[in-house]
Amino acid sequence: MRDYMAASKNRVSMAGIYAGRKLITRLSVNDFKTKFAGSYLGIIWAFVQPVITVLVYWFVFEKGFKPTPVNNAKGIEIPFVLWLIAGMVPWFFFSDALSGGTRALLDYSYLVKKVVFQIDILPVVKVISSVFVHLFFLTFAVLFFAMYGYVPDLYTLQILYYSICLFIFVTGLSYLTSAVVVFFRDLNQVINIVLQVGVWVTPIMWNIETMDISPMLKQILRLNPLFYIVQGYRDAFIGKIAFWERWELTVYFWAVTVLCFWLGISVFRKLRMHFADVL
């Protein structure tokens with residue numbers, strides 16, 4: 001603990017976060033459990049809601065709207081439910097992690113006011129808390145795809161890479177939003193609206209290649225960093241395409257992610273001295 005406190009006092013320090021990894025793990029597990037404390041089913045609710053959401057979307061689009069058949073990279077038609085799950089799994093993680101990360105300082109305001117506590121870890125705690133459910137759904141997705149004949153292979157291992165990409169991206173965003181929301185509480189509502197719109201702007205419910213829109217609009221939609229993640233999950237599960245084969249998107253995503261992480265850390269570092277006063 002002494003090494004952890006000494007690693008970083010007045011700035012966001014990756015060394016300090018690494019030194020406090022055991023504390024981060026304990027707080028993350030506790031945060032995950034307390035979300036459902038007092039309910040009869042407990043943490044089971046963490047898995048029930050996403051499953052029901054997937055079933056509802058599947059029923060509406062597959063049975064109601066009857067969308068155009070989805071084809072993989074080889075032109076083979078695939079069940080819509082597989083296409084949907086491959087997109088929803090990363091989206092659930094992003095949505096939950098960003099919402100929780102944004103509230104990190106508000107939820108742990110009593111720790112922010114402690115002079116000796118390193119508050120840099122709080123956004124990370126919230127993001128890791130969301131990882132537990134994500135791991136469950138990754139396992140569920142692998143088994144579900146296997147039932148349809150998509151047996152795990154080397155390409156499937158790429159979901160670990162894309163999960164790390166998503167983790168780093170949403171952590172950078174969480175540092176930014178968690179710092180700003182302390183002074184602008186309405187940001188919570190703004191984030192909720194952005195997530196409601198984002199699930200449609202990101203090609204989760206539809207196939208961008210078959211949409212009747214202009215090439216320019218398609219290119220604009222591809223600028224969404226989450227497009228890279230969602231497309232990557234589908235490449236790993238369905239398309240069997242290596243991430244380096246989409247090197248332009250890979251370079252673009254990491255450029256945006258590094259910029260986002262730097263901006264989030266910079267804003268957090270600049271505002272952190274005022275957190276305790278405002279909270």
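Worth pointing out:
- Residue match in region 34-57 (condition: closer than 17 Å to VAL124 by Cα, at pLDDT 70 or above and surrounded by 14 or more Cβ atoms within 10 Å (Cβ to Cβ)): yes
- Residues satisfying the stated conditions in region 141-182, i.e. touching a residue at least 40 places away in the same chain (Cβ under 8 Å), open to solvent by 10 Å² or more (accessible area, probe 1.4 Å) and among the small types (Gly, Ala, Ser): SER163
- All helices (runs of 4 or more DSSP H) inside region 74-140 with 3 or more residues being out of contact with any Leu (no Cβ under 6 Å at 6 or more places or on another chain) and surrounded by fewer than 21 Cβ atoms within 10 Å (Cβ to Cβ): 80-102
- Count - residues of region 212-249 that are among the hydroxyl-bearing types (Ser, Thr, Tyr) and either in contact with a His (Cβ under 6 Å, 6 or more places away or on another chain) or without any contact (Cβ under 8 Å) to a residue 40 or more places away in the chain (or both): 1
- Wholly enclosed helices (runs of 4 or more DSSP H) of region 185-279 bearing at least 3 residues open to solvent by less than 40 Å² (accessible area, probe 1.4 Å), touching a strand residue (DSSP E or B) at 6+ places or on another chain (Cβ under 9 Å) and hydroxyl-bearing (Ser, Thr, Tyr): none
The values are calculated or read from the model by the stated rules, or taken from the named source; none is laboratory data. Keep in mind it's a predicted model, so treat the numbers as computed, not measured. Neighbour counts run over all protein chains shown; Cβ positions are idealised from the backbone, glycine included. Areas reflect the complete protein model, heavy atoms only, side chains present, ligands, DNA and RNA absent. Shrake-Rupley method; radii C 1.70, N 1.55, O 1.52, S 1.80 Å.
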